[in-house]
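Can you read through this structure? Questions will come right after.
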Amino acid sequence: MKVKRKLVIAAAGLLIVIVGLAVHFYNSIDAIVESAIEKHGSRVLGTEVSVGSVDISLKSGRGTIRDVSVENPDGFSSGEMFKLEEITVDIDVKSLTRDPITIDEVTISAPEVRVEMNEKGQTNVGVLKSNADEYQSAAPSPERKQDGGFEKRFVITKFVFEKGVVDLDAAAMGVEAVDLELPPVRLSNVGGPNGDTPDGIGKTVTRAFLGAVTSVVTNEAKKRATDKAKEKITDAAKEAVEDIFKK
């Protein structure tokens, strides 16, 4: 009877520990996600990434992440390079015990991007894109291999950036600032059939987003160059007419 009683007490103690861990994980999931975004984001981009708040329900799988900001890299003005007002996440709760974990949808609404060009003609977007490329191509460090708690792989079925705005600031090059509309960016099955690590997911999403921003800025630069050429042609024609009447 004493042995049986000891087994019951041990089992009860183990149950209490398990329940305690479950409650702790449930109550701290928001902090875990916030820390993961800041840690992995800062590592991939090579500049500080911060999160305002995280609210995720493991019961429904729905979550909202607010006020994610990325600081300008070195060599540019201080302050935020871009800010993500709200990110909504829809997780397949049943996949939490599987590998990879499936995230049905991620929607980033109203991203604000400040594209800055310095005196050397470099852009902050280009620097961050290079940082992400260099990070991904580098050999995995022990820290990245043993990233405790985040070894699982992920698949994001649908990823959307929408209602974005790009603030182009090239004052250092003598170009007037302008606000540009960023077209929606849509990605499917990010991570592939076998899933990918948080770092890999971050790199894929970052490259797609920064690629869209670069495209918008490049198109605006081409448009301005064309308008400038038209002005020169118009001025040349005007001068030619004036020369004719002078004769």
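The values are calculated or read from the model by the stated rules, or taken from the named source; none is laboratory data. Computed from a prediction, not measured in an experiment: that's the story for all the values here. All Cβ positions, even for glycine, are placed from backbone atoms using ideal geometry, and neighbour counts span all protein chains on display.
So that you can scan it fast, the table gives a plain yes or no per residue for (1) within 16 Å of SER60 (Cα to Cα); (2) out of contact with any strand residue (DSSP E or B) (no Cβ under 7 Å at 6 or more places or on another chain):
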position: VAL89; (1), (2): yes, no
position: ASP92; (1), (2): yes, no
position: LEU96; (1), (2): yes, yes
position: ASN118; (1), (2): no, yes
position: GLY121; (1), (2): no, yes
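Which condition does GLU181 not pass, out of (1) within 18 Å of ALA110 (Cβ to Cβ); (2) surrounded by 15 or more Cβ atoms within 10 Å (Cβ to Cβ); (3) touching a Gly at 6+ places or on another chain (Cβ under 8 Å); (4) not basic (Lys, Arg), if it passes all the others?
The one condition GLU181 does not meet is (2).
Being within 12 Å of GLU34 (Cβ to Cβ) and either touching a Lys or Arg at 6+ places or on another chain (Cβ under 8 Å) or aromatic (Phe, Trp, Tyr) (or both) narrows it down to one of VAL49, VAL68, so name that one.
Answer to the selection: VAL68.
Might you check whether a residue that is closer than 25 Å to VAL213 by Cα, modelled with pLDDT of 85 or more, part of a strand (DSSP E or B) and of a type in the set (S, T, N, Q) occurs anywhere in the range 32-55?
Yes - at least one qualifying residue is present in the range 32-55.
I'd like to verify a number: residues in the range 187-196 that are surrounded by 19 or more Cβ atoms within 10 Å (Cβ to Cβ) and under 20 Å from ILE108 (Cα atoms), how many?
2
Okay, moving on. Name the residue that is modelled with the highest pLDDT, counting only residues in the range 164-178 that are surrounded by 16 or more Cβ atoms within 10 Å (Cβ to Cβ) and not hydrophobic (A, V, I, L, M, F, W, C).
Restricting to residues being surrounded by 16 or more Cβ atoms within 10 Å (Cβ to Cβ) and not hydrophobic (A, V, I, L, M, F, W, C), the top hit is GLY164.
On to the next question. I'm trying to understand the selection: among the residues of the range 56-70, which are in a strand (DSSP E or B) and touching a helix residue (DSSP H, G or I) at 6+ places or on another chain (Cβ under 9 Å)?
As a first pass, look at the range 56-70 and keep what is in a strand (DSSP E or B): 56, 62-70.
ILE56, GLY63, ILE65, VAL68, VAL70, listed by residue number.
Criterion first (surrounded by 14 or more Cβ atoms within 10 Å (Cβ to Cβ), under 21 Å from VAL213 (Cβ atoms) and at pLDDT 90 or above) does LYS158 satisfy it?
The answer is yes for LYS158.
Give the number of residues within the range 49-79 that are under 19 Å from GLU112 (Cα atoms), surrounded by 15 or more Cβ atoms within 10 Å (Cβ to Cβ) and not β-branched (Val, Ile, Thr).
Total satisfying the criteria: 6.
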